[in-house]
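A short worksheet on the structure shown next.
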Amino acid sequence: MKWLPRGYGGERRSPECVKREGWREQGLLAVTIDDQRLTWVERELVKQLGEKLYGKRPLLKEVR
């Protein structure tokens, strides 16, 4: 049984593709603090911008 009519299925875009198109088309930037393509200074800048705009992230509790 098919859920969609033929020709409407398409392919799912990768998260990197969605981020790239969001930046190019709408000026949106989605960056993870752990992105290894960034230097330490760049990661700190991203962290500081996130905290300024949205507040500090909650601390993760260690599960034992």
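The values are calculated or read from the model by the stated rules, or taken from the named source; none is laboratory data. Because the structure is a prediction, the values reported are computed rather than measured. Using ideal geometry, Cβ is built from the backbone for each residue, glycine included, and neighbour counts are taken over all protein chains shown.
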Checked against (1) surrounded by 10 or more Cβ atoms within 10 Å (Cβ to Cβ); (2) modelled with pLDDT of 95 or more, Lys52 satisfies every condition except (1)
Picking from Val18, Val41, which residue would you name as being assigned to a helix (DSSP H, G or I), β-branched (Val, Ile, Thr) and modelled with pLDDT of 95 or more? Val41
